[in-house]
Amino acid sequence: MKTIRAALVGNPNVGKSTVFNGLTGLRQHTGNWAGVTVSCALGSFSLNGSVCEITDLPGIYSLRARSEEEKITREFITSGNIDLLIVIGDATCLERSLHLLKQLAELSCIDRLSFLFCVNLCDEAKRKGILIDFRLLEKRLGIPVCACIAKNKDSIQELKQQIFAAAGASRQCSADAPALPPSPCGGYSACRGCTNGCTGVKGCPALPAFTAQAPVSPPLPASSPISVPKELTACSLLDFSPEELASQAVVCTNSNYRKREAQLDRFLTGRVTGSIVMILLLLFIFWLTITGANYPSAFLWEQFFRLESWLTAAFEKAGAPGWLTGALISGTYRSTAWIVSVMLPPMAIFFPLFTLLEDFGYLPRAAFNMDCAFKRCHACGKQCLTMCVVIVPPIASGNAYIPPPCPMSQGTRPHGSRIRKRTYFPCQPPCHRLRPV
Amino acid sequence: MLNPLSYMKPGQSAIVHWLSDDRAISPRLMDLGFTPGAPIICTLSRNHGELSAFLVRNAQIALRREDADLILVETVETAEDPGGELH
């Protein structure tokens, strides 16, 4: 059977990578902030003998590519190398996902791409008292819609079935539909406004024009002037207005959750309380890292030392000259053992703790607190997190100072700092003018 | 009356009316939901609007003053809003 090629797209921080990991069993890095995935990841899974090859794409706000990640995503979608586009939505802010879905729908005229709208974070939405009418969504969108909780195995299993069902249905459907006439610009001619003048995906002058019109317009009436070719409407998305559909399909039963959240936010970002909480939290993590790391450090050192004396004895027995023993055991081995036993435990303690803070969603608040101060030195608040991540473990590991990868250095930028660069303030803050990507 | 977005105080709601396009950031602001007609609520504010957070399309987004000033809004007087009772 033919392999299905699918791709995961969606707004940043809706859990695409978590869904990807759930589907493929891989361990792509995930995190509770925007822009964790910066390049495509490929994986595959099978169900009842059929195989699906799936690509995890970086999160995008719209198809108007501005950042590197958005460019990657757009080029991938328009390349025509996929059969099924799985749009991941956030149940807690469905309207955002619908806006992106609408933009993607306008691309569906290329290559008869089929869609599956997967509404993730349903557990979070339930906790916040948000109810979503999936039947209405399915009816109005004209594509399969499924609810999903990415951390739940049953939910992922259901999603797998939905993926194969959606891909199977579209294939049947496209076999029935008459073929499109060959286009002069790689499939783009079907798009509104794209004339013969365009030369391909990258150079297509009509692309900004037709992606721009969806978000600019004020709340639309249900019939907006987007023409989807007649023969494709059967398999592709129906026309819809994101605002209207979101207001119809989403019911918020508990308005108190926002109040509580707002209260907590005010406390965490208050001028006085925010700083106190931040300092205390950092000190606590600092303290836990330093004291906690002592025990495994001592243990590791003991083991390494035991091995060292055993090795020295073995070298002596073999009759190795003194300079060799000195260079290999007292030099290479001892310094490696020392660095490992001193550096490893603080790292192993600090990073999980930091991940915990991240999962609670504290880090964006900390960045908010720090932004005013960081602005004065032409940096942005989220960089204080990079600072914590690169500075705390070396300090916590005592005098064994290994220069951290400096995020401000030019040239080869470490992966992590590139991730954190686009973290909290989704709009490019002024500091990026200093360091163009 | 139209005001720049940075004039908003926590708890106030407003409707976006106009967006300047003289900086590269404005299309990005539009992608984030600051489109004409969109309802927004100011949730947090630091240093008299130097840095503020807004609830747009059910997500909180923080903007610095220079970016928030690109957006003109009409403040809506509401009896109750999420942050209104927190003084």
Within segment B:64-84, considering residues that are closer than 23 Å to A:VAL272 by Cβ and either facing chain A (nearest Cβ under 7 Å) or touching a strand residue (DSSP E or B) at 6+ places or on another chain (Cβ under 6 Å) (or both), the one modelled with the highest pLDDT: B:ARG64
On the basis of being hydrophobic (A, V, I, L, M, F, W, C), out of contact with any helix residue (DSSP H, G or I) (no Cβ under 7 Å at 6 or more places or on another chain) and either at pLDDT 80 or above or surrounded by 12 or more Cβ atoms within 10 Å (Cβ to Cβ) (or both), does A:CYS377 make the cut? yes
I need a count of the residues in segment B:9-43 that are touching a Cys at 6+ places or on another chain (Cβ under 9 Å) and over 21 Å from A:GLN103 (Cα atoms). 6
Check segment A:110-118 and report whether any residue there is part of a strand (DSSP E or B), aromatic (Phe, Trp, Tyr) and away from chain B (no Cβ under 14 Å). yes
Among (1) among the hydroxyl-bearing types (Ser, Thr, Tyr); (2) within 22 Å of A:ARG96 (Cα to Cα); (3) away from every other protein chain (no Cβ under 11 Å), B:SER6 falls short only on (2)
Residue under question is B:GLU50, and the condition is that it be modelled with pLDDT under 90, surrounded by fewer than 22 Cβ atoms within 10 Å (Cβ to Cβ) and at the interface with chain A (Cβ under 7 Å from one of its Cβ atoms); does it hold? yes
I'd like to check something: does segment A:247-260 contain any residue that is among the charged types (D, E, K, R) and surrounded by 15 or more Cβ atoms within 10 Å (Cβ to Cβ)? yes
In segment A:311-339, which residue that is over 48 Å from the mean Cα position of the chain (by Cα) and of a type in the set (Phe, Trp, Tyr) is nearest to A:PRO352 (Cα to Cα)? A:PHE315
Tell me yes or no: at least one residue of segment A:310-332 is touching a helix residue (DSSP H, G or I) at 6+ places or on another chain (Cβ under 9 Å), more than 24 Å from A:PHE351 (Cα to Cα) and in contact (Cβ under 8 Å) with a residue 24 or more places away in the chain. no
Which condition does B:THR35 not pass, out of (1) of a type in the set (Val, Ile, Thr); (2) in a loop (DSSP other than H, G, I, E, B); (3) more than 7 Å from chain A (Cβ to nearest Cβ), if it passes all the others? (3)
When the residues of segment A:55-75 are narrowed to those that are more than 19 Å from A:LEU98 (Cβ to Cβ) and in a loop (DSSP other than H, G, I, E, B), which ends up nearest to the chain's Cα centre (by Cα)? A:PRO58
Is one or more of the residues making up segment A:272-285 part of a helix (DSSP H, G or I), in contact with a strand residue (DSSP E or B) (Cβ under 8 Å, 6 or more places away or on another chain) and closer than 30 Å to A:ILE130 by Cα? no
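The values are calculated or read from the model by the stated rules, or taken from the named source; none is laboratory data. Given the structure is predicted, the values throughout are model-derived calculations rather than measurements. Neighbour counts are summed over all protein chains in view; Cβ atoms, including those assigned to glycine, are modelled from backbone coordinates with ideal geometry.
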